[in-house]
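The values are calculated or read from the model by the stated rules, or taken from the named source; none is laboratory data. Please read all numbers here as calculations on a predicted model, not as lab measurements. As a convention, Cβ positions derive from the backbone with ideal geometry for all residues, glycine included, and neighbour counts pool all protein chains shown.
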Amino acid sequence: MTWLQVDGVRVELPAGASLLDAVRAAGTELPTLCHDDRLRPAGSCRTCLVRVDGRTVAACVTPATSGLTVDTADESARNLRRDAVALIASALPPHALADSSHSELAEACRTLGIPVDTAAGDPRRDRDESHPYVHLDRDLCIACGRCVRMCSDVQGTFALTLTGRGADTVVAPGTGGPWAGSDCVSCGGCVDTCPTGAITQPGPGQGLTSRQAPHDRVRTTCGYCGVGCTLDVVIREDRVAAVLPARDGPVNRGHACVKGRFAYGYLGSAERLAEPLVRENGELRPATWDEAVARVADGLRTAVIDGGPDSVAAISSARATNEENYLVQNFLRTVIGTNNVDNCSRLCHAPSAAGLTASFGRAGGTDPFGDVETADCLLVVGANPVEAHPVVGARLLQRALAGASLIVADPRAVGLAHHADVHLRPRPGTNVALFHGLAHVLVDEGMTDPGFLQDRATGLDELTDLLTDYPPERVARITGVPADDIRRAARLYGRAQRPAVLYGLGVTEHLHGTDGVRTLANLPILRGAVGGTGRGFGISPLRGQNNVQGASDMGALPDLLPGYGRVTDPEARARAEAVWRRPVPSVPGLRIPEMFAAAREGRLRALWIIGEDVCATDPDSRRVAEALDACPLVVVNELFLGETARHADVVLPVASWLEKEGTFVNFDRRFQRVRQAVKPPGTARSDFDVVHAVADVLGADLGCSTPAEALDECGRVTPLFAGLSHERLDREGAVPWPCPEPDRPGERTLYADEFATSDSRAHLSAPPYLPPGEEPDQDYPLVLVTGRRWAHYNSGSMTRRGDNLLLDAQDRLDLHPEDAARFGVRDGTPVTVESRHGQARLVARVGMELAPGQLFCAFHFPASAVNSLTSEHADTVTSCPEYKVTAVRLRPTVPHD
């Protein structure tokens, strides 16, 4: 610790603190126009000057040293601060100091007694209002550089620069044109850090930043991807005025992305569902809640009478809260009497749950994301976090720029791949061979941890035998990755002191996705870089939706109860039955693909779909629509009348994440609070209230009348969550599971003592490489990979109903110039993509991101029908669809198409 005197007050600080930290610890605030705690100090504005042992220094860049005496009230230092602030203000036009609540400069002038008329400069620069979320008033720019450093040091986009000389220096997009045409990814960091209001968010959020007092804010957790950013929602006149990143957010640390920061326009969309709809004479018409709930209850009752409990199924939601998912699975199991409940993790990270459980014992990442800051080697596989998880992507990039080696394994040259020391570009569907090739080099060159493997792992002999068939040269022939690159990547990972593995859907969404997760997990096991050894970060899946981890944690799965107890396990069932006071079926239920098959075959008579637009997001979407049309009762809880809702018999309007209470679990297992910021439109209700309403009409009392009570009850069902409660989360902010006791912290790092497998060891896996479900041939010579883009989220139901649509207005098909020439396609022209299952229409984007023979598109615009192309091939263990490999052909779209 460091101690010193500040204005006669003794303060103690941790090593590495600055004099500015010391001054604040003593209760004094100084102007800091070039300083933001999220950035490295610059010391350029000279507005934080203090006297230290007879010297005048800038507090922000001067280290705190034991024994120093700091005087902030010294008249000469105060005058220098005042003069520095006054000089800065004098160059600005009069309106610059009009509002001290939204401007650090105006507040500094007020505090220092600098009159408003000090700002007497003439407006002489133009404004840039080309961007929907970021407006620039150059007359208010003081060239402090905070926005430039925020863009580079935090976001990692490097989209901004300072141009001009002397008094004409001003911030500008690095491309030189309007802001809307720049590389800006709309994270809002520049808006949040600007000390003068030169960069603002237009509309009611103008001037609002995360440094303001929270009197009109509601703190919540982002409802987009699985990173779990902490956000402060500013409310004005019962509407969202702005969403700001919380500077003390445990994951995002004052950072956000375009979706969490700005994409809340859907709340006020005229297309929001505000009242229930029921089908009558083939058409959906408005109805009262009493009528709609009665229709649902009658339909469920009839289905059970005619076909038995297993003729009913529900698809719960990774967008819903933990408490809502818990209630849904409880309802299916205890009121209906079936285990036919699943959630969309089936379509993305079911192989993660299965693979990580088989390797280590639990269905979650092994280490907290914050520990990635200590990693000296990053292996990022099958993920593009710069676009799909921007806050994580930015943190990983900054770690790489700070010196950690970076290995990216992905077919596309996007995001982090541009900064990689080694970019491995395997052919889609060859992950298992690639991971075996890396493991071969680790074993062959002695880069394993023999002690760890002997004491804490099993399966080494079987794996070693298999790896003899996967030398880099053979793996190169399978994957297309040069053997030398395989060796180089393995050596970077194998020689690192603290390597980290992070992966995404490019690992899981394959015919052999679970094998992919397990063989990737072999790498940290071989290195002894997992299990709290201090020799590595372990392995972490990057979850795509906000609560895809929590939906599974809560037991919204056909074979698992809350906390991952198996429905076939009498002890797990007995624990649940003791709390629910009803029997729990012992036979595993239907997975999502099996539900659709059962509906087409007439065996499923009622399907309740909660917050998932399955007709837009599930594979072979034409067959999904056929299943819904064949099912006698389809109930859909939704925000908008999407593709799936149009096939429903009853549509129930529900609240979004900004309109309800509960919790989410993010990608590194943290429970975090979700709080209601505004009311839902019309008569829309939360999914929690909807499930209760249906249960009440059926004469069933589900108990747990509030979300807080539901989480408490879940803790009684499974020890994994017994120490969690809303009260604790309100107090502590975020708590990871396992958390079996309310007075002890959750386990940030798993397996420090032992692994959670039956023999308490990590299990190495030795499956052979098997080809994907589809491969290119003469009729379908190209391979299509689907994924996400930065401006949108999943089917786009929220992000397309706001100004994000101005940032990314249409679906595009990425292809290599060789393929464009081969098939007569030009950049920007309409194209038709055909597979054995359907066709889609997109706009071509020709570039070098993909290798020849490969295509990429997103699925954010259902009208493009991208998921009509994808096949029914699915992971052999979990039924996760093979979104990442579809054989297709391509042709220009002609007018008569």
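Taking the conditions exactly as written (in the same structural domain as Leu520 (by TED's automatic domain parsing), crowded, with 24+ Cβ neighbours inside 10 Å and either of a type in the set (A, V, I, L, M) or in contact (Cβ under 8 Å) with a residue 12 or more places away in the chain (or both)), does Val328 satisfy them or not? Judged against the criteria, Val328 is not a match.
Checked against (1) surrounded by fewer than 16 Cβ atoms within 10 Å (Cβ to Cβ); (2) in contact (Cβ under 8 Å) with a residue 60 or more places away in the chain; (3) outside the structural domain of Cys184 (by TED's automatic domain parsing); (4) not charged (D, E, K, R), Ala167 passes all but condition (3). Just one of the listed residues (Arg81, Arg38) is over 30 Å from Gly249 (Cβ atoms) and modelled with pLDDT of 90 or more, and it is Arg81. Taken over the range 622-638, the criterion of being assigned to a helix (DSSP H, G or I), farther than 14 Å from Glu601 by Cβ and in contact with an Asp or Glu (Cβ under 9 Å, 6 or more places away or on another chain) is satisfied by Val624, Ala625. Residue check: is Thr220 crowded, with 24+ Cβ neighbours inside 10 Å, outside the structural domain of Val386 (by TED's automatic domain parsing) and within 13 Å of the chain's Cα centre (by Cα)? It is false that Thr220 is crowded, with 24+ Cβ neighbours inside 10 Å, outside the structural domain of Val386 (by TED's automatic domain parsing) and within 13 Å of the chain's Cα centre (by Cα). Here the range 834-876 is the region considered, the condition is being among the charged types (D, E, K, R) and within 15 Å of Asp618 (Cβ to Cβ), and the residue that is modelled with the lowest pLDDT is Glu872. Here the range 755-776 is the region considered, the condition is being at pLDDT 95 or above and charged (D, E, K, R), and the residue that is farthest from Ala809 (Cα to Cα) is Asp759. Among the strands (runs of 3 or more DSSP E) confined to the range 44-106, the ones with at least 3 residues that are buried (at least 20 other Cβ atoms within 10 Å of the Cβ) and not assigned by TED's automatic domain parsing to the domain that holds Thr200 are located at 49-52.
Glu373 fulfils the conditions (1) among the charged types (D, E, K, R); (2) under 20 Å from the mean Cα position of the chain (by Cα); (3) under 14 Å from Pro524 (Cα atoms) except for a single criterion, (3). Of a type in the set (Lys, Arg), buried (at least 16 other Cβ atoms within 10 Å of the Cβ), farther than 27 Å from Pro115 by Cα and touching a residue at least 24 places away in the same chain (Cβ under 8 Å), is that true of Arg38? So Arg38 fits the description; yes. Exactly one residue out of Thr321, Thr334 is surrounded by fewer than 24 Cβ atoms within 10 Å (Cβ to Cβ), over 24 Å from Arg535 (Cα atoms), assigned by TED's automatic domain parsing to the domain that holds Arg675 and at pLDDT 95 or above, and it is Thr334. Tell me, yes or no, whether the range 555-569 has at least one residue that is free of Cβ contacts under 8 Å to residues at least 12 places away in the same chain and either over 23 Å from Cys880 (Cα atoms) or assigned by TED's automatic domain parsing to the domain that holds Glu834 (or both). Among the residues of the range 555-569, at least one is free of Cβ contacts under 8 Å to residues at least 12 places away in the same chain and either over 23 Å from Cys880 (Cα atoms) or assigned by TED's automatic domain parsing to the domain that holds Glu834 (or both), which makes the answer yes. Check whether at least one residue in the range 128-148 is surrounded by fewer than 18 Cβ atoms within 10 Å (Cβ to Cβ) and either under 34 Å from the mean Cα position of the chain (by Cα) or aliphatic (A, V, I, L, M) (or both), and report yes or no. Checking the range 128-148: at least one residue is surrounded by fewer than 18 Cβ atoms within 10 Å (Cβ to Cβ) and either under 34 Å from the mean Cα position of the chain (by Cα) or aliphatic (A, V, I, L, M) (or both). Residue-level check: of (1) crowded, with 20+ Cβ neighbours inside 10 Å; (2) in a helix (DSSP H, G or I), Ile114 misses just (2). Residue count for the range 554-571 under the criterion of being surrounded by fewer than 21 Cβ atoms within 10 Å (Cβ to Cβ) and outside any loop (DSSP other than H, G, I, E, B): the result is 3. Here Pro852, Pro895 are screened, and the one residue that is over 24 Å from Gly773 (Cβ atoms) and either of a type in the set (Gly, Ala, Ser) or part of a loop (DSSP other than H, G, I, E, B) (or both) is Pro895.
Candidates are the residues of the range 647-691 that are assigned to a loop (DSSP other than H, G, I, E, B) and among the small types (Gly, Ala, Ser); the one that is surrounded by the fewest Cβ atoms within 10 Å (Cβ to Cβ) is Gly682. Evaluating Tyr564 against the criteria (1) in contact with a helix residue (DSSP H, G or I) (Cβ under 6 Å, 6 or more places away or on another chain); (2) modelled with pLDDT of 95 or more; (3) aromatic (Phe, Trp, Tyr) leaves one unmet condition, (1). Scanning the range 273-298 for residues that are under 18 Å from Val654 (Cα atoms) and of a type in the set (Asp, Glu), we see that the one that is nearest to the chain's Cα centre (by Cα) is Glu275. Listed by first and then second residue, the pairs linking a residue in the range 582-595 that is buried (at least 21 other Cβ atoms within 10 Å of the Cβ) to a residue that is among the hydroxyl-bearing types (Ser, Thr, Tyr) and not in a helix (DSSP H, G or I), with Cβ atoms under 9 Å apart and 6 or more places separating them unless they lie on different chains, are Gly589/Thr338; Leu590/Thr338; Arg591/Thr878; Arg591/Ser879; Ile592/Ser879; Pro593/Ser879. Has the range 287-302 got any residue that is at pLDDT 95 or above, assigned to a strand (DSSP E or B) and surrounded by 18 or more Cβ atoms within 10 Å (Cβ to Cβ)? So far as the range 287-302 goes, no, none of its residues is at pLDDT 95 or above, assigned to a strand (DSSP E or B) and surrounded by 18 or more Cβ atoms within 10 Å (Cβ to Cβ).
The rows are residues; the columns are (1) among the polar types (S, T, N, Q); (2) part of a loop (DSSP other than H, G, I, E, B); (3) in contact (Cβ under 8 Å) with a residue 60 or more places away in the chain; (4) under 29 Å from Ala457 (Cβ atoms).
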{"residue": "Cys714", "(1), (2), (3), (4)": "no, no, yes, no"}
{"residue": "Glu727", "(1), (2), (3), (4)": "no, no, no, no"}
{"residue": "Pro742", "(1), (2), (3), (4)": "no, yes, no, no"}
{"residue": "Phe755", "(1), (2), (3), (4)": "no, yes, yes, yes"}
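Could you look through the range 1-43, keep only residues that are in a loop (DSSP other than H, G, I, E, B) and touching a Leu at 6+ places or on another chain (Cβ under 8 Å), and pick out the one that is farthest from Arg110 (Cα to Cα)? My answer is Met1.
In the range 596-611, the residue that is surrounded by the fewest Cβ atoms within 10 Å (Cβ to Cβ) out of those that are of a type in the set (A, V, I, L, M) and in contact with a strand residue (DSSP E or B) (Cβ under 9 Å, 6 or more places away or on another chain) is Ala598.
Test Asp618 against the criterion of being crowded, with 22+ Cβ neighbours inside 10 Å, touching a Gly at 6+ places or on another chain (Cβ under 9 Å) and touching a residue at least 24 places away in the same chain (Cβ under 8 Å), and give yes or no. Here the answer is no, as Asp618 does not meet what is asked.
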